[in-house]
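Right, one structure below, let's go through it.
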Amino acid sequence: DLKKMNSQILTKINGFIKNRLIELLGVVLVLVSLFLLASIVSYSPSDPNFIYTSENTEIKNIGGFYGSVISDFLLQSFGLISIFLVLNFFYWGLKIISKKRINNFIAKIFYTFVYVFFGTTVLNIFYNHSFWLIDNGNGGFVGRAIKENIYYFSPMVENQYVIYVLILLTIIFFKLSLDIKKNEIIKT
């Protein structure tokens, strides 16, 4: 009977530690997403980045040097869709904290790749010129690479209806990546 009681205590301790580690992961995801959002919002093209780092440049980014470099990488790679990625991290972190797990993780990663694909493409084709993201535009170099490859197969991609389809697919897959249920929206 003592053995059974010790086993139950160890199981409870193990469960407690496991839940706290999972919650810690969720908190880290939320904090990282907040740092990334602050870094992206305060992004300045004149701040240091992977390619250009001046030693006597005043860094305007809220995240300092690391915020500057990371936000430049995200924005130059994925353009404005980086904000959606940050929202994913934030929501996933909240879900991990509250539910102690994340359902369908592989599917969510897949949906994230799909909406990044469509979102960067639509931004690159239809709204690429940016005063802020001078080098690669609002779609980033990922959107530019996808656009160039799509043009190779179909130059009619700039059809006005294509933009609506691409925007709709981006929104649908973003929502799928968050896995927001209808009843969760109604409760809040």
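The values are calculated or read from the model by the stated rules, or taken from the named source; none is laboratory data. The structure presented is a predicted model; accordingly, all values stated were derived computationally and were not measured. Heads up, the Cβs are rebuilt from the backbone with ideal geometry, glycines too, and the neighbour counts pull from every protein chain shown. To get the accessible areas, we keep the full protein, side chains included, count just its heavy atoms, and leave off ligands, DNA and RNA. Shrake-Rupley method; radii C 1.70, N 1.55, O 1.52, S 1.80 Å.
Summary of computed values
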| quantity | calculated |
| --- | --- |
| ASP72, ASP135, ASP179, ASP1, reordered so the largest accessible area comes first (probe 1.4 Å) | ASP1, ASP135, ASP179, ASP72 |
| GluC sites (Glu not before Pro) restricted to segment 1-71 and DSSP loop, no more than 14 other C-beta within 10 Å | GLU55, GLU58 |
| Ellipticity estimate at 222 nm from DSSP helix runs (n ≥ 4, -39,500 (n - 2.57)) divided over the chain, nearest 500 | -24500 deg cm²/dmol |
| Cα gyration tensor category, rounded, prolate or oblate, for segment 39-115 with a/c compared to 1.5 | prolate |
| Cα shape, segment 83-133, gyration tensor, a/c 1.5 rule | oblate |
| Longest segment of the chain lacking chymotrypsin sites (Phe, Trp or Tyr not before Pro) that sit in a DSSP loop with at most 16 other Cβ atoms within 10 Å | 53-126 |
| Intensity falloff of segment 1-65 expressed as log10 I(q)/I(0), Debye formula with alpha-carbon point scatterers, at q = 0.12, 0.19, 0.20, 0.25 Å⁻¹ | -0.54, -0.79, -0.83, -0.98 |
| For the chain, diffusion coefficient by Stokes-Einstein and Kirkwood Rh (Cα), 20 °C, 1.002 mPa s, µm²/s | 114 |
| Kyte-Doolittle mean at least -1.0 and Cα axial length at least 30 Å: DSSP H helices in the chain | 2-41, 105-126 |
| Extended-chain gain in nm, criterion 0.36 nm per residue less alpha-carbon gap, PHE16 and ALA107 | 30.0 nm |
| Net dipole in debye of the chain [+1 Lys, Arg Cβ; -1 Asp, Glu Cβ; about Cα centre; nearest 20] | 1380 |
| Solvent exposure of the chain as accessible area per residue, Å², 1.4 Å probe | 65 |
| Sulfur and carbon atoms: percent of accessible area, the chain [1.4 Å] | 70 |
| Nearest-20 debye value, segment 1-49 charge dipole, Cβ charges on Lys, Arg, Asp, Glu | 440 |
